[in-house]
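*Asks:* Pasting a structure here, questions to come.
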Amino acid sequence: MALIVQKYGGTSVGSVERIEAVAERVARHYTDGDQLIIVVSAMSGETNRLLGLARDLTSNPSPRELDLLVSTGEQVSMALLAMALHKRGIDALSLKGSQVAIRTDSFHSKARIQSIDDRRLRAELNQGRIVVVAGFQGVDENGEVTTLGRGGSDTSAVALAAAVGADECQIYTDVDGVYTTDPRIVDGAQRLDSITFEEMLEMASMGSKVLQLRSVEFAGKYQVPLRVLSSFKEGPGTLIKMDEDDLMEAPTIAGIAFNRDEAKLTVIGVPDTPGIAYQILGPIGDANIEVDVILQNVGDEGKTDFTFTVSRSDLERAEAICELHIAELGALEWRSDSKIAKVSVVGVGMRSHAGVAANMFKALAEVGVNIQMISTSEIKISVIIEEKFLELAVRTLHSAFGLDQGQALEAQDL
Ligand code: ADP
Ligand code: ASP
Ligand code: MG
């Protein structure tokens, strides 16, 4: 008997009919003899709707109340799915994060899971029940409801799978696996049968929202076998591979990720002296603002331009910090630009193939896309470009690296 955690995303539980379809699928697995924990998201659009209600009311909602509000979305889905299972004669019950005891820290709207008490889960499973759990939510040590950040139900599922030692964690969504890039942007994107854990981690952290980054981190840390599948059609989906034994076979580039949530600040004419990077980024870090890509250009007169990117939601705060410190930095001025985006090519094969960066830059140059900033890791190259060129850049790179349907995945040694 296998113990499986299945997670159904917003679109998959987006209407009563779709919840019935999920119940049918769950019932089939149950009849096959699997023990099942089902994690659900809010019905599609619901989390945004709830956030919108709060925004209509106040520009400064209490983080505690906001978490109480948005966590209701998942509770609607979980109870409806339990009812749909009852209708099929299946013994099921739904549990909120606090009822399971998914314990988190106290950072509202971006809480991190600290521990999961598996006793209740195991007791229910041992009674032959299916347990339906509300994703995205937990409870802190004071009993306060917390949420795990957008897309956080993925993380709930993987963390639950780790806690109970599940045989597999299956993420059911509206695409039938992980693709070479977002299939909404590139028609010719291809489903990958498997992707290495490291590549999935980079794809998620570079903006592919098919899996929340934290969920991939959890899967790696606790070695949870993870698969992404469609809730609408049958198929093998994509396996996130934890071991990399057949790396020889790996294509150079597994996929292309992109992120619109980038904004750029440039401090102009800073004296080129030791400690300047620290003086600029220190206060940014103190304000808990994450810096992504950094670029420093040294000019001839001992002056330098210092550019860095932050997420768009942090831009206003970062601007205020630049304004505050501009005089003491001895800088001339600062500028910002939020109409930028980041495109990344990701692949473990990069380790053993030279020239990937050159090919990337050549392909972008040929379609007239200017690169503003570059950052690399061992298995990723990212560029910051003007946002209006984002889709063109993704499509161009997708085909330049041989990822379009019909192009052989292996034939990408350009
Ligand atoms: P869910 O509501 O099920 O959690 P999400 O909208 O969070 O679904 O994630 C699925 C979406 O992720 C897809 O519809 C697709 O547009 C997007 N996506 C982005 N990059 C990729 C990729 N590389 N492969 C597959 N889907 C991707
Ligand atoms: N409902 C939450 C969101 O929309 C969590 C999730 O769907 O994973 O972000
Ligand atoms: Mg999601």
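*Asks:* Would you confirm, using the coordinates I've provided, whether Thr47 is surrounded by fewer than 16 Cβ atoms within 10 Å (Cβ to Cβ), of a type in the set (Val, Ile, Thr) and farther than 17 Å from Gln99 by Cβ?
*Replies:* Criteria not met by Thr47.
*Asks:* Looking for whichever is under 25 Å from Leu3 (Cα atoms) and not aromatic (Phe, Trp, Tyr) here; the options are Leu213, Leu281. Which one fits? I'd like the intermediate steps shown before the answer.
*Replies:* Values: Leu281 fails: under 25 Å from Leu3 (Cα atoms).
Answer to the selection: Leu213.
*Asks:* Something else about it: So which residues in region 200-243 are farther than 29 Å from Ser15 by Cβ, touching a residue at least 60 places away in the same chain (Cβ under 8 Å) and within 16 Å of ligand 2 (Cβ to nearest atom), if there are any at all?
*Replies:* Those that are farther than 29 Å from Ser15 by Cβ, touching a residue at least 60 places away in the same chain (Cβ under 8 Å) and within 16 Å of ligand 2 (Cβ to nearest atom): Phe218, Ala219.
*Asks:* Filter region 146-197 down to residues that are in contact with a Pro (Cβ under 8 Å, 6 or more places away or on another chain), open to solvent by 30 Å² or more (accessible area, probe 1.4 Å) and closer than 20 Å to Lys233 by Cα and give me whichever is farthest from ligand 1 (Cβ to nearest atom).
*Replies:* Ranking the qualifying residues of region 146-197, first place goes to Glu168.
Table: residues versus (1) touching a helix residue (DSSP H, G or I) at 6+ places or on another chain (Cβ under 8 Å); (2) more than 24 Å from Gly143 (Cβ to Cβ); (3) among the small types (Gly, Ala, Ser).
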| residue | (1), (2), (3) |
| --- | --- |
| Arg55 | no, yes, no |
| Thr58 | no, yes, no |
| Ser77 | yes, no, yes |
| Leu81 | yes, yes, no |
| His86 | no, yes, no |
| Gly89 | no, yes, yes |
| Ser94 | yes, no, yes |
| His108 | yes, no, no |
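*Asks:* I'd like the full set of residues that are touching a residue at least 40 places away in the same chain (Cβ under 8 Å) and assigned to a helix (DSSP H, G or I), limited to region 40-60.
*Replies:* Thr47
*Asks:* Continuing with this model, one more query. Check Gln372 against each of (1) closer than 15 Å to Asp292 by Cβ; (2) at pLDDT below 95 and name the one condition it does not meet.
*Replies:* For Gln372, the failing item is (2).
*Asks:* What strands (runs of 3 or more DSSP E) completely inside region 141-253 contain at least 1 residues that are more than 24 Å from Gln35 (Cβ to Cβ) and within 16 Å of ligand 3 (Cβ to nearest atom)?
*Replies:* Those strands (runs of 3 or more DSSP E) span 145-147.
*Asks:* Any residue at all in region 178-199 that's within 16 Å of ligand 2 (Cβ to nearest atom) and farther than 19 Å from Gly402 by Cα?
*Replies:* no
*Asks:* Now for a different question. In region 111-140, which residue that is part of a strand (DSSP E or B), polar (S, T, N, Q) and more than 16 Å from ligand 1 (Cβ to nearest atom) is most open to solvent (accessible area, probe 1.4 Å)? Steps first, please.
*Replies:* Kept after step one, since they are part of a strand (DSSP E or B), are these residues of region 111-140: 113-116, 130-134, 137-139.
Keeping just the survivors that are polar (S, T, N, Q) gives 114-115, 137.
Add one more test, that the residue is more than 16 Å from ligand 1 (Cβ to nearest atom), and what stays is 114-115.
Working: Gln114: 125, Ser115: 58 Å².
The selected residue is Gln114.
*Asks:* If you don't mind, there's one more thing I want to ask. Here's a check for you: in region 2-33, which residue that is basic (Lys, Arg) and open to solvent by 30 Å² or more (accessible area, probe 1.4 Å) is farthest from ligand 3 (Cβ to nearest atom)?
*Replies:* This residue is Arg28.
*Asks:* Which members of region 279-327 meet the condition of being farther than 11 Å from Leu265 by Cβ, touching a residue at least 40 places away in the same chain (Cβ under 8 Å) and in contact with a helix residue (DSSP H, G or I) (Cβ under 9 Å, 6 or more places away or on another chain)?
*Replies:* If the condition is that a residue be farther than 11 Å from Leu265 by Cβ, touching a residue at least 40 places away in the same chain (Cβ under 8 Å) and in contact with a helix residue (DSSP H, G or I) (Cβ under 9 Å, 6 or more places away or on another chain), then Gln279, Pro283, Leu324, His325 are the ones that fit.
The values are calculated or read from the model by the stated rules, or taken from the named source; none is laboratory data. The structure displayed is predicted, hence computed values, not measured ones. All Cβ positions, glycine included, derive from the backbone under ideal geometry; neighbour counts span all protein chains shown. Note: accessible area is taken over every heavy atom of the protein model, side chains too, but ligands, DNA and RNA are not part of it. Shrake-Rupley method; radii C 1.70, N 1.55, O 1.52, S 1.80 Å.
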